[in-house]
1. Do we find that M59 is farther than 21 Å from A343 by Cβ, touching a residue at least 12 places away in the same chain (Cβ under 8 Å) and either assigned by TED's automatic domain parsing to the domain that holds A407 or not hydroxyl-bearing (S, T, Y) (or both) in this structure?
2. Find the residue count for region 353-390, including only residues that are free of Cβ contacts under 8 Å to residues at least 40 places away in the same chain and either assigned by TED's automatic domain parsing to the domain that holds P249 or more than 20 Å from the chain's Cα centre (by Cα) (or both).
3. For residues in region 372-417 being among the aliphatic types (A, V, I, L, M) and assigned to a helix (DSSP H, G or I), which is farthest from G277 (Cα to Cα)?
4. Find the residue count for region 288-300, including only residues that are at pLDDT 95 or above and outside any loop (DSSP other than H, G, I, E, B).
5. Counting only residues that are β-branched (V, I, T) and in a helix (DSSP H, G or I), which one in region 310-351 is surrounded by the most Cβ atoms within 10 Å (Cβ to Cβ)?
6. Provide a single number: the residues in region 391-421 that are without any contact (Cβ under 8 Å) to a residue 60 or more places away in the chain, surrounded by 18 or more Cβ atoms within 10 Å (Cβ to Cβ) and over 21 Å from T11 (Cα atoms).
7. Counting only residues that are in contact with a helix residue (DSSP H, G or I) (Cβ under 9 Å, 6 or more places away or on another chain) and at pLDDT below 95, which one in region 152-165 is farthest from G304 (Cα to Cα)?
8. Consider region 424-435. How many of its residues are surrounded by fewer than 24 Cβ atoms within 10 Å (Cβ to Cβ) and on the phi < 0 side of the Ramachandran plot?
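The values are calculated or read from the model by the stated rules, or taken from the named source; none is laboratory data. Remember, it's a predicted structure, so these values are computed and weren't measured experimentally. Cβ atoms come from the backbone with ideal geometry, glycine included; neighbour counts cover every protein chain shown.
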Amino acid sequence: MSIAPSPKPRTPELPPFAHTPTPYTGPTKAEVIALRKQHLTPSLITYYKDPVMIVEGKMQYLFDETGRRYLDMFAGIVTVSVGHCHPKVIEATKRQTDLLQHTTTIYLNPTIALFAQKLLSTLPAPLNDGVVYFTSSGSEANDLALLMARAYTGHFDVIALRNAYHGMSNFTMGVSALSNWKQPVPQGFGIHHARLPDRYRGQWGYDDQDAGRKYAEDVQDLIKTATSGSVAAFIAEPIQGVGGTVELPPGYLKHVYEYVRAAGGLCISDEVQTGFGRTGDAFWGFESVGGVTPDIVTMAKGIGNGIPLAAVVVKREVAQKMAQKLHFNTYGGNPVSMAQGLATLDVILTDNMQQRAKDVGTHLFRGLRSLQSKHPILGDVRGRGLMIGVEIVEAGPGKQPSPTRTAAIHEHCKDLGVLVGKGGLNGNVLRIKPPMCITKDDCDFLCGALDIACTELA
């Protein structure tokens with residue numbers, strides 16, 4: 001007696017969306033590929049064997065040169081927070097551009113002060129009485145935060161986490177701990193990487209209620225054995241982004257912050273991907289996973305819904321140290337970026353995007369975990385709100401990472417009309433971090449596409 005194979009899942013259809021893409025009249029995709037190869041740095045990469053050429057975006061959707069619509073579940077690497085070309089954001093940015101495109105902070109302009117005021121109001125005390133430094137990228141923000149910590153404490157050593165990613169400047173590549181993101185020259189001394197508290201692959205798992213404290217002891221050990229006993233800073237993402245959506249366990253930051261502060265250091269929360277309500281449970285990632293308040297918070301990407309914009313929020317007394325020397329940024333705080341950042345924050349707060357991330361994220365988690373019970377290769381589904389990772393493994397015991405399967409699923413999802421990211425130490429984690437305007441129907445479409453991709457790999 002033969003057993004009939006399970007029926008193939010029905011190919012899902014994108015939810016209806018009332019937008020007609022603008023006809024594209026520029027260079028062909030082949031011409032763009034040739035131009036890119038000839039004129040751009042060879043270190044640039046593209047996703048997919050047949051790269052997608054994106055020429056238009058509207059809310060949670062992207063359009064290629066043929067007019068084909070894709071559901072964007074990666075948000076330009078977690079950058080588009082409220083939706084591509086959100087009308088309220090575009091209106092505010094255009095209004096500012098028509099008035100004044102650029103001037104620096106050596107002159108007064110109202111928008112930067114208004115934005116700083118509203119941004120600080122989203123943070124808990126004492127950071128809400130702190131100050132803001134605006135920059136143009138997350139790399140720049142993290143670099144500045146680490147510089148400020150060294151200047152304020154008078155100490156040099158910095159502790160970060162293995163598997164972390166904090167940017168592409170010389171300093172931030174040094175604190176990052178993914179080999180693919182290290183620059184091809186030796187890094188400076190004084191940087192130490194603590195054990196990653198990975199409850200899926202690490203010694204202490206999801207079922208260990210004391211995992212946070214146990215993993216934190218490695219930071220305490222580093223301070224005792226790898227430094228003079230004094231440190232400048234500890235920096236971590238509450239949920240690792242590029243590193244594969246690894247969420248710090250409860251209690252971890254509480255213990256680590258105690259150890260670091262006892263050693264004279266400052267605690268930095270890298271909120272470049274976790275901030276602005278994305279985790280659903282709180283506005284900032286450190287509130288969601290740690291129940292702690294850092295000394296410095298860095299932010300970028302979703303802060304400006306796609307415009308080059310980042311910021312460092314720091315306690316007032318730490319910032320005062322920087323006032324002893326000239327510190328200046330030509331583009332940080334420019335009027336156009338400030339207008340777009342302020343409009344983006346207005347939308348996030350007015351439209352209650354944090355609650356939306358929680359509600360829609362809960363629906364998406366339910367769908368993904370249902371798929372996990374059907375497809376053993378979906379080894380782990382983790383994260384919070386609309387910051388989700390799906391780890392792909394080989395069939396059978398052992399949790400063997402499967403970057404090959406991950407690449408195939410990643411490609412197949414694109415062919416079905418949904419764009420997701422991938423990452424992790426082994427390149428085997430699907431990164432699902434969409435614009436926060438997505439709907440439950442969009443989530444169902446993603447799950448349908450993922451179901452087909454996994455079924456055809458079985």
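1. Values: farther than 21 Å from A343 by Cβ: no; touching a residue at least 12 places away in the same chain (Cβ under 8 Å): yes; either assigned by TED's automatic domain parsing to the domain that holds A407 or not hydroxyl-bearing (S, T, Y) (or both): yes.
Here the answer is no, as M59 does not meet what is asked.
2. 5
3. Here the answer is A408.
4. Here the count works out to 4.
5. Only one residue fits best here, namely T344.
6. Residues meeting the conditions: 4.
7. In this case the residue turns out to be A164.
8. Total meeting the criteria: 2.
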